[in-house]
Structure formats: C-alpha cells, structure tokens
Amino acid sequence: MSPTKVAVIGVGLTECAEDRSDTSFPELVREASTRALADAGLSMADVDAVVFGQSPELFVGVNQPEKWVTDALGAVGKPLFRIHTGGTVGASTGIAAYYHVASGLFRTVLAVAGDKLSESPVQYGLSTVYDPIVGRDFACGAPAAVALQSRRYMARTGVTERHGAMVAVKNRKNALKNPYAHLKIPGISIEMVLASPMISSPLRLLDSCPVSDGACAMVFAAEKVALERSPRPAWVRAVSAVNEGVNYPDREWANPIGLRQAAANAYRQAGIKNPREEIDVAEVYEAFSYQELLWSEALGFCGEGKGGELVESGATQIGGNIPINPSGGVLSTNAIGATAMFRQAEAVLQIQGKAGEHQVAGARTALAHGWGGAIQFHTVMILSSERP
C-alpha cells in the first residue's frame, strides 16, 4: 500500500533568547503550537494526534515534561507521543508526525518540540550521557567532541580556520534578517571571529552555537486536508534517519557515513539525481562552523574535500546557487530540543515564500538536516512546493 501524501500546512516559531524568563516551559511549547495551528487555520479540536519532542529531561529541570505539555496544549483525550534522540529530537519528532499521517490513520498531526535551557546545567547534562565507568573517557562535552571532529576534517581536506570563520560570518549575517533568531551580532567579520577566545582548538567562541530557550511546531496534514486548508502546502517528498554507533573510536569522524546514507535514502525517495542542482535551499545542523563544510560534502553539495572552496565561492550565500542556512542556522539559535525542527520549519517557510528578509528567491525544493547524540544520529527531510 502506498503511503498517504503528506504536507506541512502550518508553522509556529517562538522568539528565542538566552532566558525566556517571561514564560514557563509548557507555556513556551503552547506558544509555538498556537502559532502553528493559527497558521494552518485549525484549532486543537481539528488535531488527531500530537507528537512532542524534548531533549534530556535534565535540560528543562522537569521530569516527564510531556505530562505538563499535554495540559498546556489542550491535548487531553488525544494520542500524545514523546520523542527523544538528543539534538536530533526536533527532526525525529517531525519525521514521526509525518509517519503518523502517511500511515493513513491520522489526518492532521501536531508536531512540537522545545527546550528551556536557561533552567538547567546543560554542559553537566551533556557530560552524563555516557556510562560513568566504561564511557567516562568519551564524556568530553559537545565543544571538545566537535573540536576533535573539526581537526580531523581539517587534516583530511586542508580546510583552514578562515574557512570556518567564513561560515560563522555568513550565518550570523543571515541571522540579522531573521526575527526569530537568538544571537545577532551586527558588524560581524572574519577578523572578529578569528580574534574571539579559543574554546577548544580550532573552535573559537564565534565558531560556536549559543544556548537558547525556544520552541517550534508544525502541522502535518493528509493530502485532502492540505489541499482544502492551505494555499501553499509544503509537500514532504522524503524522510530518512540513520544511526551510527555511539563510540567515537569506532568511527571516522571526518566521514559521516550516517549522513551519507540518510541523504542517499532521501534523494532516492525524492527522485533527486544531482542535489547541487535540484536542491534550492538547505538548512543544516551546524552547531559549530566547520560542521557546515563537512555536512555539505556528505549531502553532495560539493566534491570531497571541497567544503572550504564551496563557502569561499559564495555559493552558500542567500543569493548563491546552493544557499545554506539562510535563517542563521544553529550558530544563531540553539534550543536543543527544537533545533532540528527549526531546520524543517525554516525549509517549509522557504517553500511557502514566507521567510521574509531571508527568503531565497524561487525556492521550490528544500532540504532540512539534523544531527544528535554523540554526533551519531542523522536525519534528512526534503520538502517541495510540488505535490508528489
């Protein structure tokens, strides 16, 4: 049996900040959900099920947050599922919502994810994800882990610190055009990035993502509902999720096999032969600047070892031929539980022509990527203005 055709018909983003002290975590999630439903022209009464995503519970300081979210959303009496795959959780939540509708069992599903990281010791939480006995040596935290990945990538390709700074400047300039972005740095320059404090070599402060409070929601709908409700549905052409092993020594960090497989699966589903030519815009999960270069290679946007040349050419700018992270990316906003869903939501806005100042002209096909865990979970979603 062929899956039901699915589209995203509503998107809701919250304002993101270092500390959204004006709201509680359940209220923050409701803020995003209310906006998504309004964008879709629906109410909670029209929703058949809710898929909720949130990263480690320690990040919001509340055990089993789905209990509180159920009431906050007015979702009592409806199926509600919680997803958790580390930093990928927002994307996994969107993919789970897609599968709900594609199964033919649900017509409309609300996917919502968020985090309120101002209320928790985030670095402590990241340092406790490994077994304290056999995995202690791996629990180095995200900056140190990605620094090792970046150094390995630089050694393999010849990419320099200046290339990383180019990514940081591009995305931070894009963030100035996005009203929902958290970190905005007017006057950002390559010199400013290279002069910022070293966090874990080669990662400097301005190569690194912030820690944000924020939430994101999307409404997934079956074909009939999408055509009735939305003048510009964003059709889901492909979804893919691939997991690599957890132990760092078992993997070649500068060759993300999981992402390559996820991309190949998604391209096959969408019938894409040449991603550089057929993808109009991409939102990738670059928590640190060098990752955008590595992910670009794995996604087929450039040749092996050519990530530095890609950003240097200007192709990844909003006006380039493969715009990457026009929203400002993760370098500008990082509410971990929602971060990967922000990538999907921004892709939807591009397809619908509703991205405002950071809109890519003529965007018809968009790719959204997420990663999480010990840089082991990878997701890819491809959306299009054209019905499958």
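We did not get these values from a lab; they are worked out from the coordinates using the rules stated. Note that the structure is a prediction, hence the values are computed from the model and not measured. Cβ atoms come from the backbone with ideal geometry, glycine included; neighbour counts cover every protein chain shown.
General remarks:
- Proximal lysines relative to Lys170, as straight alpha-carbon distance under 17 Å, when same-chain residues fewer than 8 apart are discounted: Lys184
- Range of Cα positions in segment 274-388 per principal axis (Å), largest first: 34, 32, 28
- Likely footprinting exposure, Cys209, Cys302, Cys216, fewest C-beta neighbours within 10 Å first: Cys302, Cys209, Cys216
- Kyte-Doolittle mean at least 1.6 and Cα axial length at least 18 Å: DSSP H helices in the chain: none
- Note on the chain: dipole from Cβ charges, positive end direction compared against Leu176, Thr70, Asn274; the farthest Cα belongs to Asn274.
- Cβ charges +1 (Lys, Arg) and -1 (Asp, Glu), total dipole of segment 1-99, debye: 400
- When only alpha carbons are used to place a centre, segment 336-388 and segment 276-302 end up 12 Å from one another.
- Helix-derived mean residue ellipticity, 222 nm - over the chain, DSSP H n ≥ 4, -39500 (n - 2.57), to 500: -11000 deg cm²/dmol
- Angstrom value of the Kirkwood radius, inverse mean 1/r, which spans all Cα pairs in segment 33-192: 18.9
- The lysines whose alpha-carbon is closer than 22 Å to the alpha-carbon of Lys177, local same-chain residues fewer than 8 away aside, are Lys354.
- Calculated over segment 28-80: convex hull of Cα atoms, volume per residue (Å³): 76
- Within the chain: Cβ-based charge dipole about Cα centre, in debye rounded to nearest 20 (Lys, Arg +1; Asp, Glu -1): 740
- Considering segment 284-326 at the alpha-carbon level, its Rg and Dmax are found to be 9.2, 23 Å.
- Taking a quarter of the surface of the Cα convex hull of segment 38-130 gives a mean projected area of 6.7 nm².
- Local charge for Gln64 was computed over the other residues whose Cβ lies under 10 Å away, with Lys and Arg +1 and Asp and Glu -1, and equals 0.
- For the chain, the relative contact order is 26 percent, taking Cα pairs closer than 8 Å that sit 6 or more residues apart in sequence and dividing their mean separation by the residue count.
- As computed over the chain, the Cα convex hull volume per residue (Å³): 127
- Convex hull of Cα atoms in segment 188-331, direction-averaged projection (nm²): 11.4
- Here is the P(r) of segment 184-227: all C-alpha pair distances, binned every 10 Å from 0, give 20, 29, 17, 15, 16, 3 in whole percents.
- Per DSSP, loop GluC sites (Glu not before Pro) in segment 292-388 with at most 11 further Cβ within 10 Å: Glu304, Glu386
- Distance cut-off 24 Å, percentage of C-alpha pairs in segment 150-269 lying past it: 55
- Convex hull volume of the C-alpha atoms in segment 333-388, normalised per residue: 86 Å³.
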